[in-house]
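Chemist: Please find one structure pasted underneath; my questions will follow.
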């Protein structure tokens, strides 16, 4: 998460500066990269843990309790 934040903060000046002469390539690329960093960070913070809980509960119901298994 710190890596994404660092990369995002480095791209903010390119996004804020806008379409100034000489930055015709960097501005759209910075917007795409920043959007990808934000999207992937939000997915990793909210979607992945919720999917883990949903599928983890299903697997817990299928396995017998640890105390019922022979040692």
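The values are calculated or read from the model by the stated rules, or taken from the named source; none is laboratory data. Note that the structure is predicted; figures quoted are calculated from it, not measured. Cβ: placed from backbone, ideal geometry, glycine included. Neighbour counts: every protein chain shown.
Chemist: So residue 40 ticks every box in (1) modelled with pLDDT under 95; (2) closer than 30 Å to residue 11 by Cβ but one. Which box is left unticked?
Modeler: Of (1) modelled with pLDDT under 95; (2) closer than 30 Å to residue 11 by Cβ, only one is false for residue 40: (1).
Chemist: Now a separate question. Would it be correct to say that residue 20 is at negative phi, surrounded by 10 or more Cβ atoms within 10 Å (Cβ to Cβ) and either at pLDDT below 90 or not in a helix (DSSP H, G or I) (or both)?
Modeler: Here the answer is yes, as residue 20 does meet what is asked.
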